[in-house]
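Following this message is one structure expressed as structure tokens.
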Amino acid sequence: MELLSTVIMFGLMFGIMYFVLIRPQKKQQEKVQDMLSNLKVGDSIVTIGGLHGIIDEINDAKKTVVLDCEGIYLTFERRAVARVVAKVEDATETEDLDTDVSDVDEETTED
């Protein structure tokens, strides 16, 4: 009887450890891998060292990215990307909005 309760306790402890430690870590790894695989030229990113830049080139064979940091081009390992600040689609939408606002301003000044 004591053996059965000991086995149940170990099983319960393993189950708790799985749901508290292992499962969240796997989800976080999948999220990071998904972010790295979806990088595109033009994305604004931050590296693990805190460097802000825009992706100028992606080399899938070497798993590197080239960042444009105000005219200085730096090559980093793909895994050195900590987070994506702005995606390419976000930047183009912002440019479209800026263009629309300037068109409206020109129309109002012509009246």
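Filter region 36-61 down to residues that are of a type in the set (S, T, Y) and crowded, with 16+ Cβ neighbours inside 10 Å and give me whichever is nearest to V85 (Cα to Cα).
Ranking the candidates gives S44 first.
Moving to a separate point now. So, in region 25-58, of the ones that are of a type outside the set (D, E, K, R) and in a helix (DSSP H, G or I), which residue ends up farthest from the chain's Cα centre (by Cα)?
Among those that are of a type outside the set (D, E, K, R) and in a helix (DSSP H, G or I), it is Q25.
Inside region 14-35, can you point out the residues that are surrounded by 11 or more Cβ atoms within 10 Å (Cβ to Cβ) and under 13 Å from R79 (Cα atoms)?
Within region 14-35, V32, Q33, M35 qualify.
While we're here: I'd like to know if region 1-13 contains one or more residues that are surrounded by 11 or more Cβ atoms within 10 Å (Cβ to Cβ) and either of a type outside the set (A, V, I, L, M) or not in a helix (DSSP H, G or I) (or both).
Within region 1-13, none of the residues are surrounded by 11 or more Cβ atoms within 10 Å (Cβ to Cβ) and either of a type outside the set (A, V, I, L, M) or not in a helix (DSSP H, G or I) (or both).
Still on this structure, I have one more. Quick check, is V7 under 28 Å from K87 (Cα atoms) and of a type in the set (V, I, T)?
no
Now for a separate question. Which one is modelled with the highest pLDDT among residues in region 83-93 that are farther than 13 Å from S37 by Cα and part of a strand (DSSP E or B)?
V85
The values are calculated or read from the model by the stated rules, or taken from the named source; none is laboratory data. Quick caveat, the model's predicted, so the values are computed rather than measured. As a convention, Cβ positions derive from the backbone with ideal geometry for all residues, glycine included, and neighbour counts pool all protein chains shown.
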